[in-house]
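The values are calculated or read from the model by the stated rules, or taken from the named source; none is laboratory data. It should be emphasised that the depicted structure is a prediction, and the values quoted were computed from it without experimental measurement. Counting neighbours? That spans all protein chains shown, and the Cβs are built from the backbone with ideal geometry, glycine included. Surface accessibility is based on the protein's heavy atoms, side chains included, excluding ligands, DNA and RNA. Shrake-Rupley method; radii C 1.70, N 1.55, O 1.52, S 1.80 Å.
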Amino acid sequence: MFGSKKFGKVKNKGDIIFNSRFLKNLTTLERSEFLQYCHRRKYKENEHIYYQGDPGTGMYFIEEGKVELIVEPEPGAEDEAQSCTIESPESFGALSIGYELRRISSAKCLTDCVLMGFFKPDFETLKKRHPSIAVKFMETLAMISMKQLEIVTKELKKVSSAEHAFSLQFKTYLNKENENTL
């Protein structure tokens, strides 16, 4: 029936389906359907998946291994690089699907990794074939974006002022240069 290697792949995919925080608002059937659009990729220890500043082309679910997300300081800044380590069933890079954003961090494998990649063309296909799953996916992205905005605004208020934090939001929204992205 299933060899042990094939069973391991099915089990790992099942872990993503049942334990991914990113997919939690999808039903089990919708999660399974969503993962049909993902592509399994293998990376070696210390291999970069992408670099800070690269165009965002897709997101990844960690099936096996550990990934470090690294934010390097601007050239000449005295800040230190910041990083965090994530592992299965976490995902990363999701905002690149719904938005035209450059990568805000580099992603590097700390161990040999197996990742499930979900890319912009996959999302376009998902929208055509399963629009309700695509809508739920975008709702999750919006929720993540709003939570991040809330956290960043609170932190900005601590180091500057509430007026400055909110004026940046308003200026960004009202800026005529941003009209094409809104």
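Summary table below
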item	result
Selection status of Pro75, at pLDDT below 90 and closer than 20 Å to Asp15 by Cα	no
Selection from region 165-182 of residues that are among the charged types (D, E, K, R) and either open to solvent by less than 100 Å² (accessible area, probe 1.4 Å) or at pLDDT 70 or above (or both)	Lys171
Selection count where residues are farther than 24 Å from Ile49 by Cβ and surrounded by fewer than 18 Cβ atoms within 10 Å (Cβ to Cβ), scope region 119-133	6
Filter result (open to solvent by less than 40 Å² (accessible area, probe 1.4 Å), farther than 29 Å from Arg129 by Cα and more than 15 Å from the chain's Cα centre (by Cα)) within region 22-79	Tyr43, Gly65
All positions within region 80-98 that are more than 11 Å from the chain's Cα centre (by Cα) and either closer than 23 Å to Met146 by Cβ or surrounded by 19 or more Cβ atoms within 10 Å (Cβ to Cβ) (or both)	Gln82, Cys84, Ile86, Ser88, Pro89
